[in-house]
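Undergrad: Attaching a single structure in structure tokens format; questions to follow.
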Amino acid sequence: MLTKKQIKELKDHVHRKEERNEALARMFDALSDPTRFRMFQLFLECEELCVTDVAEILDISVPAASQQLKILDFAGLLLKERMGQMVCYRARKESAPVVSLINFLKDKKFSFKNLLSFYSN
């Protein structure tokens, strides 16, 4: 059983990390959807992709791709850039949590090519 001092220290620690934890929760929530996870994997293989490119690669509609990419953007995983009428995204590789996630996925060999071979079997 924890002492009152240990409980207080843990509470303080949890509260200090609350904002970071919320950001991580949004990231993992966004990646829990298989389509969004595959989209994020695409951005590890390609530097930048437009909504139409993602839709064509994954055989989904442009509005569906746009909606899913917005969720990844809101979760802090992607950066959006408007180029005239086109909207393009890239992985937010300067963000420490995203870099950690990318390194984890690379260590586990979760490349898009490996995922395609997994799903084709």
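Values quoted throughout were computed directly from the atomic coordinates according to the rules given, and no laboratory measurement underlies them. Predicted, not measured: the structure shown is a model, and the values here were computed from it. So basically every Cβ, Gly included, is an ideal-geometry build from the backbone, and we count neighbours across all protein chains shown.
Undergrad: Given the C-alpha centroids of region 71-88 and region 6-48, what is the distance between them in whole angstrom?
TA: 18 Å
Undergrad: Whole-Hz ³J(HN,Hα) for each residue in region 92-105, computed from phi via Karplus 6.51 cos²θ - 1.76 cosθ + 1.60 with θ = phi - 60°, x for glycine and proline: what do you get?
TA: 7, 6, 8, 8, 4, x, 5, 4, 4, 5, 4, 4, 4, 5
Undergrad: Then there is this: Just to check I understand the Karplus step: with θ = phi - 60° and J = 6.51 cos²θ - 1.76 cosθ + 1.60, what whole-Hz values come out for region 20-31, glycine and proline as x?
TA: Result, ordered by residue: 5, 5, 5, 5, 5, 4, 5, 4, 5, 4, 4, 7 Hz.
Undergrad: Return the calculated 222 nm mean residue ellipticity for the chain, to the nearest 500 deg cm²/dmol, obtained by summing -39500 (n - 2.57) across DSSP H runs with n ≥ 4 and dividing by the residue count. Mind showing how you got there, number by number?
TA: Values: 7 runs with 81 residues, N = 121.
The per-residue figure over the chain is -20500 deg cm²/dmol.
Undergrad: Got a sec to turn the phi values of region 48-53 into Karplus ³J(HN,Hα) couplings, 6.51 cos²θ - 1.76 cosθ + 1.60 with θ = phi - 60°, whole Hz, x for Gly and Pro?
TA: 3J(HN,Hα) across region 48-53, in whole Hz: 8, 9, 8, 4, 5, 4.
Undergrad: Starting from region 1-78, pick out the trypsin sites (Lys or Arg not before Pro) whose DSSP state is loop and whose Cβ has at most 11 other Cβ atoms within 10 Å.
TA: Values: sites: Lys4, Lys5, Lys8, Lys11, Arg16, Lys17, Arg20, Arg26, Arg36, Arg38, Lys70; in loops: Lys17.
Answer by residue number: Lys17.
Undergrad: At 20 °C and a viscosity of 1.002 mPa s, what translational diffusion coefficient does Stokes-Einstein give for the chain, taking Rh as the Kirkwood radius over Cα pairs? Give it in µm²/s as a whole number. It would help to have the intermediate numbers written out before the result.
TA: On the way: Rh = 15.9 Å.
Value of D from the Cα-based Kirkwood radius: 134 µm²/s.
Undergrad: Another question, then. List the residues, sorted by chain then number, that are 5 or more residues from Leu78 or on another chain and whose placed amide H is less than 5 Å from its amide H.
TA: Here Asp73, Arg92 satisfy the definition.
Undergrad: Let me ask another. Normalised by the residues of the chain, what does the relative contact order come to in percent, with Cα pairs under 8 Å and at least six apart? Display every interim value, and only then the final one.
TA: Values: 96 pairs, mean separation 29.5, N = 121.
Across the chain, relative contact order equals 24 percent.
Undergrad: Taking the number of other C-beta atoms within 10 Å as the exposure measure, put Asp33, Asp12, Asp53, Asp59 in order starting with the fewest. Walk me through the numbers on the way to the answer.
TA: Details: Asp33 13, Asp12 10, Asp53 16, Asp59 6.
Fewest-to-most Cβ neighbours within 10 Å comes out as Asp59, Asp12, Asp33, Asp53.
Undergrad: Do you know the Lys pair count in the chain for C-alpha distances under 28 Å, with sequence separation 8 or more or different chains?
TA: Counting lysine pairs in the chain gives 23.
Undergrad: Could you list Val62, Val14, Val87, Val51 so that the one with the fewest beta carbons within 10 Å of its beta carbon is first and the one with the most is last?
TA: Going from least to most buried by this count: Val14, Val62, Val87, Val51.
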